[in-house]
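Take a look at the structure set out below.
The values are calculated or read from the model by the stated rules, or taken from the named source; none is laboratory data. A quick note: this is a predicted structure, and the numbers were derived from the prediction, not measured. FYI the Cβ positions are ideal-geometry reconstructions off the backbone, even for glycines, and counts take in every protein chain you see. In case anyone asks, the SASA skips ligands and DNA or RNA and just uses the protein heavy atoms, side chains included. Shrake-Rupley method; radii C 1.70, N 1.55, O 1.52, S 1.80 Å.
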Amino acid sequence: MGDNNRNFDVIVIGSGISGGWAAKEFCEKGLKTLVLERGRDVRHGKDYPTTNMLPWEFEHRGQPPYEIQKDNPVVSRCYAFREDAMHFFVKDKEHPYVQDKPFDWIRGYQVGGKSLLWARQTQRWSDYDFEGPARDGFATDWPIRYKDIAPWYSYVEKFAGISGNKDGIDTLPDGEFLPALDLNCVENHFKDVVSKNYPGRHVIYGRCAHLTQPQQIHLDQGRAQCQKRTLCQRGCPFGGYFSSNSSTIPWAEKTGNMTLRTNAVVQSVIYDDKKGKVTGVRIFDSNTKETIEFYARVIFVNAAALNTNLILLNSTSSRFENGLGNDSGVLGKYVAFHNYRARVSGVYEGFLDKKTDGRSHTSAYLPRFRNVKKQETDFLRGYAAGFGGGRSNEGVNAQFGVDLKNGIDNPTLGPWRVGSHMMGETIPKESNTLTLDPVQKDEWGMPLLKINIDYDDNDEKMVKDYLEQLSEMFAKAGFTDIKTSDSKQAPGLDIHEMGGVRMGNDPKTSVLNKWNQMHACKNVFVTDGACMTSTSTQNPSLTYMAFTARAADYAIQQMKKGEI
Ligand SMILES: Cc1cc2nc3c(=O)[nH]c(=O)nc-3n(C[C@H](O)[C@H](O)[C@H](O)COP(=O)(O)OP(=O)(O)OC[C@H]3O[C@@H](n4cnc5c(N)ncnc54)[C@H](O)[C@@H]3O)c2cc1C
Ligand code: SF4
C-alpha cells in the first residue's frame, strides 16, 4: 500500500454503534474517512447466516455446545450467547484479559460491533442525570446539560428510528418517536396500579430502536418495517432494528468517502513529539501480521469503552508517558457500569380469559423514581426497572407423538407470570481502574487489559431497596408468589461499562472537554462509553450516538476554521 493511501481527513477506530455514527457524519460532509475495524466484515443481510433458520435446524436446539460453554464461561453468562448468535460474540479464550476482580467483559469484534446484538432499548438521559454528580457530590461535574445534547438526540433518533410514546416524564424526556406497540393487559394493569398508588412513579412502553412505521429516511437506507420476529440478535434482513450494519455504515459507504479496513487491530494513536501533535494511528494487520501507520487530521476513538481505554493507555510518547492525553492522571480511572443483579417475579391470577398473540420486541419500563427530587434513602442515586408479563403453555406433558402435537395445537395456558429486573446506577470511583498488564501481551502485540472494578456498599443498599420496593408494588398490584433474587453477577454482564476517559470542564480532573475532545490533544475525540462522567440508569447507547454526531459536527467546524 503506497503512502497516498495512508493519508485521510479523519480516522475512526471501531465500526460499532458509535464508530458507525462517526463514519456517517464525516463521509456525508465530504471528508475522506478511514474506518479501522479489528474484526471481520459483516455485510447487512448477506452475512447473517442464521437469520432465517427454524428452531429445529439448530444442531443443539439453540444451546451453545457444552465444549464451547466450558471453554468460555464469561461470554456464556450473557443471555444472548446462544447458538443463533454466538458467531457475533468474542470467545473468552480467543481474547484474554486480566480480572483483578471478577468482570464479565462481553464483546463483539466485527463490523457493526455489538450493534448487531444489542437489545435496542433507547431512553434519553435528562438533567437529573447530567446534574447528578454536581448535586450529589460524586465523580466530577458533567461539562454539558440536557439542552446541549437534546437536539442531537432528535437528530440521531430520526435517522435510527425509535418507537415510543410521548409520556411527558421529566426524568425521561420525550423524543422523535415512531408509533409504540401496545403493552399487554397485565402490563397495563401494573401501570394503572402504580400510577394510582405511587405519585412520581411511571410504567411506560420501553422506547426501542425498531421501525414500527418506517419513514422516507429509513426506506432510503434500504430498511423496512419490523416484522416482530424477535430474532434480532441474528441480524435482521429487513433492517427492522438499528445496527451499524443496516444503517450508518452502508450510508457512509454510499458517499464514496469511506475506506473500511477490517482485520486492523489498532494498537496506539501516534503522538509525534517533534510536531507536538497527534498525527495518526498504528495498526497490526491480523491477516498479514504487518504493523502499518495511517495518518489523518482528526482521530475518533470508538473501540467501545474498555478497548478505547486500552488503546489510549498504550499510546505513550515522551510527552505522554502514561497514556495519551493523560495529564490529569485520571485515564483508566472512575470506570462504572450498571447494576443488573436483582430481579422480582410473581404470578397474576386475573385476565385468565386473555392471552397475547404475536411477539413484542420490547417490554414495559419504569424510569428511575428514587432520590430524584430529593435525597430520600441511605444510598446515592437510584435504579430503573424493566417489567414484563406473559402466559405460556404449561400443559404439554407428552414428549413425542400425537399427544405432543395435540398439546401444542391446543395449549393449556398457565397464569400470567410477571417479572422485573433492576437497572441501577453505580458511582464512578477512582479505585475502579483499568491498567495495562506489564508483562502479558495478546497475539496482536497489545498488553492485556487489567480490570479492577467492583460493587460497593451503595450498590448493596440499592439492591435491597429495589427488591423491597418492587415486591411492595407487585403486592399492591395483586401479584402473588412474589420471589426476589440477587444473582450477585460480576460487573460487566450489564454490558454498559463506561468511563475511564471522562468528560469534564477541568483538565486537571478529566481527559475530555465538553465537545468530547481531548483537553491535551485537540484533534482526538472519544465518543463511546469511555467518555461518560457518570452512568445514569438509562441504557447508554443512544447517548453515545448523540455525543458522536455532536462531536463530529464540532470537529468539522474546527477543521474548517483551521483550528485542528
Ligand atoms: C446482548 C446485548 C444487549 C444490549 N442491550 C442494549 C440496550 O438495550 N440498550 C443499549 O443502550 N445498549 C445495549 N447494549 C450495549 C451496546 O451494544 C453498546 O453500548 C454499544 O454497542 C457500544 O457502542 P460502541 O460503538 O462503543 O462499541 P461496539 O458497538 O462494541 O463497537 C466497537 C467496535 O470497535 C472494534 N474495536 C475494538 N478494539 C479495536 C481495536 N483495537 N482496533 C480496531 N477496532 C477495534 C470492535 O471490534 C467493535 O466493532 C447491549 C449489548 C449486548 C451485547
Ligand atoms: S423483530 Fe423486527 S428487527 Fe427484530 S428480527 Fe424481527 S423484523 Fe427484524
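The table below gives the values:
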quantity: Condition met for Ser317 (surrounded by fewer than 17 Cβ atoms within 10 Å (Cβ to Cβ), within 26 Å of Asn7 (Cβ to Cβ), of a type in the set (Gly, Ala, Ser) and away from ligand 2 (no atom under 12 Å from the Cβ)); calculated: yes
quantity: Residue in segment 367-386 that is surrounded by fewer than 19 Cβ atoms within 10 Å (Cβ to Cβ), of a type in the set (S, T, N, Q), more than 25 Å from the chain's Cα centre (by Cα) and away from ligand 2 (no atom under 16 Å from the Cβ) present; calculated: yes
quantity: Filter result (under 18 Å from the mean Cα position of the chain (by Cα) and aromatic (Phe, Trp, Tyr)) within segment 131-158; calculated: Trp152, Tyr153
quantity: Residue in segment 164-186 that is assigned to a helix (DSSP H, G or I), more than 16 Å from ligand 1 (Cβ to nearest atom) and either within 21 Å of the chain's Cα centre (by Cα) or of a type outside the set (D, E, K, R) (or both) present; calculated: yes
quantity: Glu176 under 21 Å from Ala119 (Cα atoms), open to solvent by 40 Å² or more (accessible area, probe 1.4 Å) and not small (Gly, Ala, Ser); calculated: yes
quantity: Conditions (1) under 14 Å from Gly16 (Cα atoms); (2) assigned to a loop (DSSP other than H, G, I, E, B); number of the one not met by Asn539; calculated: (1)
quantity: Any hit, segment 212-220, residues being surrounded by fewer than 23 Cβ atoms within 10 Å (Cβ to Cβ), in a loop (DSSP other than H, G, I, E, B), at pLDDT below 95 and more than 16 Å from ligand 1 (Cβ to nearest atom); calculated: no
quantity: Strands (runs of 3 or more DSSP E) (entirely within segment 432-507) containing at least 1 residues that are more than 30 Å from Val90 (Cα to Cα) and among the acidic types (Asp, Glu); calculated: 480-486
quantity: Identity of the residue in segment 245-298, in contact with a strand residue (DSSP E or B) (Cβ under 9 Å, 6 or more places away or on another chain) and in a helix (DSSP H, G or I), that ends up farthest from ligand 1 (Cβ to nearest atom); calculated: Glu253
quantity: Options Asp465, Asp459, Asp528, Asp486; residue that is in contact (Cβ under 8 Å) with a residue 60 or more places away in the chain, open to solvent by less than 10 Å² (accessible area, probe 1.4 Å) and more than 30 Å from Lys32 (Cβ to Cβ); calculated: Asp459
quantity: Elements of type helices (runs of 4 or more DSSP H) in segment 25-133, at least 3 residues being more than 30 Å from Lys374 (Cα to Cα); calculated: 66-71, 73-76
quantity: Scope segment 264-287; condition over 14 Å from Val524 (Cβ atoms) and open to solvent by less than 50 Å² (accessible area, probe 1.4 Å); matching residues; calculated: Ala264, Val265, Gln267, Ile283, Phe284, Asp285, Ser286
quantity: Only listed residue being within 16 Å of ligand 2 (Cβ to nearest atom), at negative phi and open to solvent by 10 Å² or more (accessible area, probe 1.4 Å), chosen from Arg261, Arg234; calculated: Arg234
quantity: Residues of segment 317-364 satisfying the condition of being assigned to a strand (DSSP E or B), in contact with a Phe, Trp or Tyr (Cβ under 7 Å, 6 or more places away or on another chain) and either at pLDDT below 95 or among the aromatic types (Phe, Trp, Tyr) (or both); calculated: Tyr348
